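The values are calculated or read from the model by the stated rules, or taken from the named source; none is laboratory data. None of these values were measured; they are calculated from a predicted model. Cβ coordinates were reconstructed from backbone atoms using ideal geometry, including for glycine residues, and neighbour counts include every protein chain displayed. Ligands, DNA and RNA are excluded from the accessible area calculation, which covers all protein heavy atoms including side chains. Shrake-Rupley method; radii C 1.70, N 1.55, O 1.52, S 1.80 Å.
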Amino acid sequence: MDNNNKRKGSWDSKMSVSSVSTRPYFTRSSTPSSILSSDSDIRFTRKLGDHYRCGCCILAAFLVFILVGTLALYAGYTYLSLEPGGEQVFRGVFRVVQGDKYSSGLSDPSTELFKRVSRDYREGLNLIYRRSSFRYPFLKSEVLAFDGDENSDLTVHFNLFFDPRRYEIPAEELRNILARQSQSVYLANRTIDVESILIYEVSPSGPSSQSPSTHSTTLATPTTTPTPRTCSPLQLSYCSGVQHNTTSYPNIVGHRSLQEVIDDVIAFRELVDAECYRLAYQFVCHVLQPPCEPPSVSGRPATVVRPCRDFCLDFWSGCGARLPLRFQDALDCSRFLEYSTIGEACIPKPGCKESLKLRDLTSRLCDGVPDCADLSDELTCRYCRPGHILCANSPTCIPAHKRCNGHFDCPDHSDEKACLALSPSVAGLPALPSAHPGHTRTSGHVVFNEKGSLGKLCVDNLNTSGVNNSAVLRNVATSLCRTLLFQSVEEFRVETDKEEDVSNYVQMEDPTADQISFVQVPCPEKSVLHVTCKDAECGIQPARVTSGVEGLAKMAALGDWPWHAALLKDGVHVCDATVVHPQWLLTSASCFQGQQKAEWVARLGSVRLTSTTPWQQERHVVGMTKSPVEGSTVVLVKLDSPLLVSDFVRPICLPHHSTQPVYTNCHTLGWTRNREVLQRVELLESRMDQCANVSIMSVNSLCADSVYSMEDCSEEELAGSPMICVNGLDHRWTLVGVTNWRIACAAAGSQRPRVYDKTAPNVDWILTSIKEDH
């Protein structure tokens with residue numbers, strides 16, 4: 001089938017081929033079976049036998065049946081479809097306690113800010129309910145209004161619309177679904193206060209029939225005040241073997257009391273007794289009796305901590321077929337967080353170190369490369385004393401007080417990175433025992449780390465309306481964003497610090513000096529600087545001490561290729577992709593052609609597919625756009641939420657339009673034959689005729705070959721693998737091409753020419769597609 005006839009962006013490419021053989025029949029008249037006509041033409045006629053008549057009748061009846069059925073479907077859709085206003089409508093409200101703040105621009109539905117933010121929440125709600133047990137009657141969601149105090153928690157008012165003809169929709173179940181997604185990736189990792197969620201049914205003729213523009217921040221809400229979540233002692237005797245001793249209700253599966261847990265515990269005990277997963281007991285007890293974090297002094301409410309997503313996926317791979325249907329929606333792993341270095345976001349899978357031993361991977365213990373999300377494989381080694389922190393990319397540990405002491409104590413210099421950073425709070429800074437700071441936040445208060453001591457930048461001395469002070473603050477914000485490897489400042493402002501348990505503040509000794517130094521101060525007014533950065537720098541390798549190809553090994557180390565992504569279809573690695581924007585990847589259309597519907601996940605920040613690093617990130621693929629460029633087979637893949645930029649996850653640069661590039665040191669990335677470890681292959685552009693025998697060439701094709709012959713046959717490249725080169729003008733890595741097919745292992749010693757789709761002709765389309773989506 002011609003590519004131009006395929007549906008653009010379709011995940012299911014099915015082709016139905018129908019072949020109808022026709023045979024001419026000539027109708028017989030009353031003349032003999034053969035006659036000689038006056039013009040000497042001879043015509044033959046044949047009598048239509050009874051068995052042919054029967055076949056024709058059956059065919060005619062079948063066609064009539066199809067016609068009647070089609071008319072019936074059309075009539076049903078036209079006359080029996082849901083009338084406008086016949087939906088079952090539910091009004092809802094929740095409060096966002098992390099990841100978003102209220103600002104005055106959100107009060108006016110006509111502003112671009114309101115439209116953008118409301119679209120994000122609308123799409124998130126749609127994803128949540130379309131993947132729930134009410135996916136079939138669910139019609140749509142609608143964001144009505146936002147309210148709150150300036151720079152405080154954001155309150156979202158919304159409507160949910162359902163088809164009432166399918167079955168009864170209880171409001172309590174809708175609330176439970178949203179509560180289970182309170183930290184969902186569908187909401188771009190924003191955190192909802194579960195106790196603030198209220199959902200109740202309203203009549204179609206009531207307030208829900210108004211357009212969003214008629215609503216204001218004075219929308220009516222139920223007068224019932226939700227009971228704040230509280231921590232209580234763990235009382236389920238079956239789970240007495242876990243390490244935590246407090247829990248809270250409702251739990252992960254929706255039980256609101258100990259008695260409800262006891263009523264259902266037998267179903268979960270059967271899973272453990274079946275030994276379908278060696279850590280089933282730990283997982284079951286962490287969802288029935290999840291650990292509870294008490295409220296903080298700064299006002300953060302009590303929360304429960306869920307298991308991490310990889311823990312959930314492992315449980316499902318062993319016990320999913322046995323899990324009772326009524327619990328499957330609550331334990332959908334896409335709702336669980338991936339491991340995060342930002343605080344205690346989720347519970348990592350226990351026994352990672354023991355798991356490596358069981359898989360005969362003891363060589364990965366104490367090798368300086370983290371293979372466990374909690375770093376347990378590296379923290380109990382001879383080179384790491386108790387209480388020390390691990391350097392990111394080497395078998396070295398240092399005392400915590402040497403972090404940000406002005407000297408490089410780690411071979412990779414990770415101990416002196418992000419000593420000034422952005423964070424919503426000091427409590428939100430990384431809690432991992434690592435010298436590396438982890439993810440880089442784009443927005444937050446300016447916080448510091450000095451010799452392991454944490455605090456905030458105080459600007460009491462600059463909190464005036466003077467022109468000079470504003471210029472100084474802008475210079476500070478700009479310098480900080482560039483230090484954090486962002487291109488520019490989006491916004492900065494002075495706020496009053498509401499975090500009560502901060503004891504350390506520093507102040508710029510001379511804000512106008514070329515080199516700024518800091519001194520500790522009391523900060524009585526608690527004026528702090530809030531900064532938002534934008535546009536992460538592309539094509540750089542900040543985790544490495546050297547740049548370019550200097551010091552690069554064949555086998556990849558963490559941070560060598562921060563833009564490389566592995567695409568997993570239903571948990572199986574089938575393709576690769578490259579990050580061109582925090583929410584967009586570029587790969588090959590062949591990855592999705594002829595594929596059935598599946599769960600596609602992009603994994604980044606890892607160079608060993610069977611390992612889980614603290615800096616690894618996973619995102620669901622939610623959309624795809626095919627290139628309109630003639631001869632190109634690349635596609636843009638959209639992720640469900642933006643990636644957190646770090647030294648290990650970062651976009652690559654696209655080719656420049658304005659200058660003629662000079663590319664050097666070209667490489668592609670592939671995997672060892674067992675697809676365990678990422679590695680590089682050096683490339684050299686070749687003549688087009690060398691590739692003509694191995695693939696169909698187009699005007700957008702580029703032919704390349706490996707510089708060295710592959711005698712060991714140890715490397716395999718998948719569809720979507722990149723051709724990346726160093727741009728000689730700015731010395732940054734640039735995405736030059738994308739391969740369309742898997743390149744398997746060739747015969748020993750033979751060269752394997754590769755065909756890539758050029759990226760340069762697609763740059764305008766890539767940038768336009770990303771801009772239009774935002």
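Please arrange Asp263, Asp576 by accessible surface area, largest first, computed with a 1.4 Å probe and ligands excluded.
Greatest to least solvent exposure: Asp263, Asp576.
Dividing the alpha-carbon radius of gyration of segment 231-289 by 2.2 N^0.38 Å (N being the number of residues), what value is obtained?
After normalising by residue count via 2.2 N^0.38 Å, the value is 1.05.
Taking only the Cα atoms of segment 305-403, how large is their convex hull per residue, in Å³?
Convex hull of Cα atoms, per residue: 113 Å³.
Please state the equivalent ellipsoid semi-axes for segment 567-662: what are the square roots of 5 times the Cα gyration tensor eigenvalues, largest first, in whole Å?
Values for segment 567-662, descending: 23, 20, 11 Å.
Amide H of Cys397: which non-local residues (sequence gap of 5 or more, or other chain) have their own amide H closer than 5 Å, using H built in the peptide plane?
Residues meeting the criterion, in which the H sits 1.01 Å from N, are Cys391.
Return the Rg/Rh value of segment 500-626, two decimal places, where both radii are evaluated on C-alpha atoms and Rh is the Kirkwood radius.
1.14
Please sort by residue number the trypsin sites (Lys or Arg not before Pro) in segment 303-387 whose DSSP state is loop and whose Cβ has at most 15 other Cβ atoms within 10 Å.
When the trypsin sites (Lys or Arg not before Pro) of segment 303-387 are filtered for loop state and at most 15 Cβ neighbours within 10 Å, Arg359, Arg382 remain.
Among Thr396, Pro386, Cys410, whose Cα projects farthest towards the positive end of the dipole of segment 378-418, with charges put on the beta-carbon of Lys, Arg (+1) and Asp, Glu (-1)?
So the residue furthest toward the plus end is Pro386.
Would you kindly derive the ³J(HN,Hα) couplings of segment 576-582 from the backbone phi angles with the Karplus curve 6.51 cos²θ - 1.76 cosθ + 1.60 (θ = phi - 60°), listing them in order in whole Hz, with x for Gly and Pro?
Result, ordered by residue: 10, 7, 10, 6, 10, 6, x Hz.
Taking H as built 1.01 Å from N, whose amide H comes closer than 5 Å to the amide H of Trp563, not counting residues under 5 places away?
Sorted by chain and number, the residues that satisfy this are Arg650.
Using the crude model of +1 on Lys and Arg Cβ and -1 on Asp and Glu Cβ, and no other charge, please compute the dipole size for segment 545-624 relative to its Cα centre, in debye to 20. Walk me through the intermediate numbers first.
Numbers: 6 positive and 6 negative charges, 25 e Å.
Result for segment 545-624 is approximately 120 debye, rounded to the nearest 20.
PRE reach from Ser453 (point 7 Å along Cα→Cβ): which of segment 375-415 fall under 14 Å by backbone N?
401-406
Report, in listed order, any pair from Lys402/Lys534; Lys101/Lys626; Lys417/Lys456; Lys115/Lys534; Lys534/Lys626; Lys417/Lys554 with a Cα-Cα distance greater than 24 Å.
The answer is Lys402/Lys534; Lys101/Lys626; Lys534/Lys626; Lys417/Lys554.
Can you give the translational diffusion coefficient of segment 359-459 in µm²/s, computed by Stokes-Einstein from the Kirkwood radius over Cα pairs at 10 °C and 1.306 mPa s?
112 µm²/s
Rg/Rh for segment 239-382 to two decimals, with Rh computed the Kirkwood way over all alpha-carbon pairs.
Radius of gyration over Kirkwood radius for segment 239-382 works out to 0.99.
Given +1 on the Cβ of Lys and Arg, -1 on the Cβ of Asp and Glu, and no further charges, what dipole in debye does segment 258-388 carry about its Cα centre, rounded to the nearest 20?
280 debye
Residue by residue, what Karplus-based ³J(HN,Hα) values in Hz, rounded to whole numbers, does segment 551-556 have, using 6.51, -1.76 and 1.60 with θ = phi - 60° and x for Gly and Pro?
x, 6, 8, 5, 7, 6
For segment 120-160, what log10 I(q)/I(0) values come out of the Debye formula at q = 0.24, 0.27, 0.29, 0.32 1/Å, with one point per alpha carbon and no solvent?
The calculated log intensity ratios at q = 0.24, 0.27, 0.29, 0.32 Å⁻¹ are -0.78, -0.89, -0.96, -1.06.
Taking the alpha carbon gyration tensor of segment 463-546, what are the square roots of 5 times its eigenvalues, largest first, to the nearest whole Å?
Working from the Cα gyration tensor, I get semi-axes of 25, 16, 14 Å.
Out of segment 531-622, which GluC sites (Glu not before Pro) are coil in DSSP terms and have no more than 11 other C-beta atoms within 10 Å?
Sparse-neighbourhood loop GluC sites (Glu not before Pro): Glu550.
Find, to one decimal place in angstroms, the Kirkwood hydrodynamic radius of segment 569-621, where the mean of 1/r is taken over every pair of different Cα atoms and then inverted.
For segment 569-621, the Kirkwood estimate is 12.2 Å.
Along each principal axis of its Cα atoms, how long is segment 404-524 end to end? Whole angstroms, biggest number first, please.
44, 32, 24
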